[in-house]
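Visitor: My structure is below; once you've seen it, I'll send some questions.
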Amino acid sequence: MAVKLRLTAFFTALTLGCAPVSAQTSLPDLGDASAATLSEPQERTIGNRIMREVRVDPAYVDDPEIADYISSLGSRLLGAAEGPTRRDIDFFVVLDDTINAFALVGGHIGAA
C-alpha cells in the first residue's frame, strides 16, 4: 500500500510540475525537434538496450501488480495531456530513495 501512495504522490507531483510556465520565466532555447540527430526508431533501440540492463538490476521492481498500477496511472496522465504525445510509453518502477522519477530515451519512464 505504501508503494501505491508513493506512486500516486509521484504522479501528482509530475502533473503539477507540468503546469504552464509563467511569462516571467525565461527558458533556454533547446532547438527544433526536427533537427534531432536520432530518429524515433533509433531512440527506441537505444532505450530498449538500456532497459535490458535495468531489468537485471536488483533495484528493478518486477511485480505485475505494481507494473499494472504504474502503467494505469501513466496512461491516464497521457490521456489528459494536450498536444501530440507518444502512446507507446513503458512505465516501470525501481527501488531508489535518491530519485522519484526519470525518463530514458525511447519512451521509458521510471518511478522510484
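Visitor: Step by step: first the residues of the stretch 81-98, then only those that are at pLDDT below 85 and not acidic (Asp, Glu), then the one that is surrounded by the fewest Cβ atoms within 10 Å (Cβ to Cβ). Which residue is that?
Guide: Start the filter on the stretch 81-98 by keeping residues that are at pLDDT below 85, which leaves 81-88.
After this cut, where a residue has to be not acidic (Asp, Glu) as well, the list is 81, 83-87.
Working: 81: 12, 83: 4, 84: 6, 85: 11, 86: 11, 87: 9.
By that ranking, first place goes to 83.
Visitor: How many residues are in a helix (DSSP H, G or I), at pLDDT 90 or above, out of contact with any Phe, Trp or Tyr (no Cβ under 9 Å at 6 or more places or on another chain) and surrounded by 10 or more Cβ atoms within 10 Å (Cβ to Cβ) if we restrict to the stretch 24-64?
Guide: 9
Visitor: Return the residues of the stretch 86-112 that are without any contact (Cβ under 8 Å) to a residue 12 or more places away in the chain and within 8 Å of the chain's Cα centre (by Cα); say none if nothing qualifies.
Guide: 102, 103
Visitor: Taking the stretch 56-83, which residues are closer than 14 Å to residue 112 by Cα, out of contact with any Leu (no Cβ under 7 Å at 6 or more places or on another chain) and without any contact (Cβ under 8 Å) to a residue 40 or more places away in the chain?
Guide: 57, 58, 60, 62, 63, 67, 71 - these are the residues of the stretch 56-83 that are closer than 14 Å to residue 112 by Cα, out of contact with any Leu (no Cβ under 7 Å at 6 or more places or on another chain) and without any contact (Cβ under 8 Å) to a residue 40 or more places away in the chain.
Visitor: What's the number of the only condition in (1) within 17 Å of residue 91 (Cα to Cα); (2) over 17 Å from the mean Cα position of the chain (by Cα); (3) at pLDDT below 95 that residue 77 fails to meet?
Guide: (2)
The values are calculated or read from the model by the stated rules, or taken from the named source; none is laboratory data. Because the structure is a prediction, the values reported are computed rather than measured. A quick note on method: Cβ atoms are made from the backbone with ideal geometry, for glycine too, and the neighbour counts reach across all protein chains shown.
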